[in-house]
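The structure appears below as C-alpha cells.
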Amino acid sequence: MVKMIMHGCNGKMGQVISDLCKEDSEIEIVAGIDPYTGVNNPYPVFQNIQECNVTADVIVDFAAVFAVDDLLDYCVTHKMPVVLCTTGLSEEQLVRVEETSKQVPILKSANMSLGINILMDLLQKVAKVLATAGFDMEIVEKHHNQKVDAPSGTALALADSINEALEYAYEYKYDRTQERQKRNQQEIGIHAVRGGTLVGEHEVIFAGKDEVIELKHTAYSKAIFGKGAVEAAKFLVGKPAGKYEMKDVIAARSCFE
C-alpha cells in the first residue's frame, strides 16, 4: 500500500483525489496539507507542510505557486518523491525544481491526463509520416469561459510534442487576422475557444490533399487529471532522483507494447 501526502488537500483537485484514493486499494492518503482546514477529511491536515510529522512514501501537489518553495524544501529534507501538478511556476521556481530533482524524484507534466499523454505519443508517430507527406497541422482547444490563458498549456504541449518528432521546427501561428497571405506549410496553427463550462477539449487536425485525419481528446470532468496524478504517485515510489513525466508512467504501464 502506497502512503501519500496530499498537498493542497482542500482545494478542488485535492478533494477529487481524496475521493479517488478512497476507492483505490493500492494507495492511501495518510496526511493532507492546506491552510484552509474547514473540510472534514479522514486523515490529519496540517496548515503548513513543515508541520507534517506523518511518514509517507510520496507527495502529490495540487496547491498554489506560493507553496511550492516550502514543498521542495520538505522533499529534500525528507527525501520524498513528489508529483508536482501546480502550474504557473516562475522561472526561478523552475530552476529550483531542476536542482531539487537531482536529489529526489520529481514528476512534472503539462497535463496529468493519461489520455492526453497517450495522444502526445500518437501525435509523434503520426506527424513523422503526415508532416513529411505535406499535411497541414492545426490544433483547436476549447475550455470554459473562466480560463485566463490562451492557448492552453496542453495545446502548446501537443504542438511541442509534434515538433519534437520532426527534423524541422514548425512555427506556431496563433492569429492570422493581421495577415493576408496563404498559409505557410511550415507552421502549426493553434486556436483557442472559450465558452460555458467546457472542461477541456483538444483536437489536432492533419489536413492533406483530399483527406483529413483528426485526433481528439475530450475531458468531461477534472477527475481524469486526478486519476493521472494518483497513477503517477504509484509509479514514482522507489524511483531514483531525477525528472519524470507522464510518458514515463505510460511506458511503465506498457501501453504501447
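Each value in this text was obtained by applying a stated rule to the coordinates, not by laboratory testing. The structure presented is a predicted model; accordingly, all values stated were derived computationally and were not measured. Cβ coordinates were reconstructed from backbone atoms using ideal geometry, including for glycine residues, and neighbour counts include every protein chain displayed.
Data for the structure
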quantity: Filter on 128/227; 173/209; 3/142 - keep pairs with C-alpha separation over 28 Å; calculated: 128/227; 3/142
quantity: In degrees, nearest ten, helix 153-165 long axis to first principal axis of the chain (Cα); calculated: 60
quantity: Per-residue ³J(HN,Hα) for the range 195-209, Karplus 6.51 cos²θ - 1.76 cosθ + 1.60, θ = phi - 60°, Hz, x for Gly and Pro; calculated: x, x, 10, 3, 6, x, 9, 10, 10, 10, 10, 10, 10, x, 6
quantity: Karplus-derived HN-Hα couplings along the range 221-230 (A = 6.51, B = -1.76, C = 1.60, θ = phi - 60°), whole Hz, x at Gly and Pro; calculated: 7, 6, 4, 5, 6, x, 4, x, 5, 5
quantity: Under 19 Å from residue 125, Cα to Cα: lysines that are on another chain or at least 8 residues apart; calculated: 216, 247
quantity: [x] 1.09; [y] 0.93; [z] 1.26, with the label sought being that of the calculated Cα Rg over 2.2 N^0.38 Å; calculated: [x]
quantity: Sparse-neighbour loop sites [chymotrypsin sites (Phe, Trp or Tyr not before Pro); the range 11-69; at most 16 other C-beta within 10 Å; DSSP]; calculated: 36
quantity: Shape of the range 132-196, Cα gyration tensor, a/c cut at 1.5; calculated: oblate
quantity: Among 59, 116, 27: highest mean-square fluctuation, GNM of the chain, C-alpha pairs under 10 Å; calculated: 27
quantity: In the range 39-122, trypsin sites (Lys or Arg not before Pro) in a DSSP loop with at most 16 other beta-carbon atoms within 10 Å; calculated: 79, 102
quantity: Rounded, prolate or oblate (a/c below 1.5 giving rounded, otherwise prolate when a/b exceeds b/c) for the range 58-175 by Cα gyration tensor; calculated: prolate
quantity: Estimated [θ] at 222 nm from DSSP helical runs (n ≥ 4, -39500 (n - 2.57)) normalised by residues in the chain, nearest 500; calculated: -10000 deg cm²/dmol
quantity: Tensor-based shape of the range 190-257 (alpha-carbon gyration tensor, a/c under 1.5 rounded, otherwise prolate or oblate); calculated: oblate
quantity: 23 Å tail of the calculated P(r), the range 143-252, as % of Cα pairs; calculated: 46
quantity: Between 0 and 90°, nearest 10: helix 68-78 axis offset from the chain longest Cα axis; calculated: 60
quantity: From phi via Karplus (6.51, -1.76, 1.60), per-residue ³J(HN,Hα) for the range 7-13 in Hz, x at Gly/Pro; calculated: 8, x, 5, 9, x, 4, 6
quantity: Scaled radius of gyration (Cα, divided by 2.2 N^0.38 Å) that the range 169-229 gives; calculated: 1.46
quantity: The range 1-31: GluC sites (Glu not before Pro) falling in loop per DSSP and having at most 12 other Cβ within 10 Å; calculated: 23, 26
quantity: Burial ranking of peptide ranges 176-186, 220-230, 205-215 (average Cβ count within 10 Å, highest at the top); calculated: 220-230, 205-215, 176-186
quantity: Cα-projected label distance for residue 51 with residue 220, points at 7 Å along beta-carbon direction, nm; calculated: 4.0
quantity: Alpha-carbon Debye profile of the range 1-86, log10 I(q)/I(0) at 0.19, 0.20, 0.22 Å⁻¹; calculated: -0.75, -0.84, -1.04
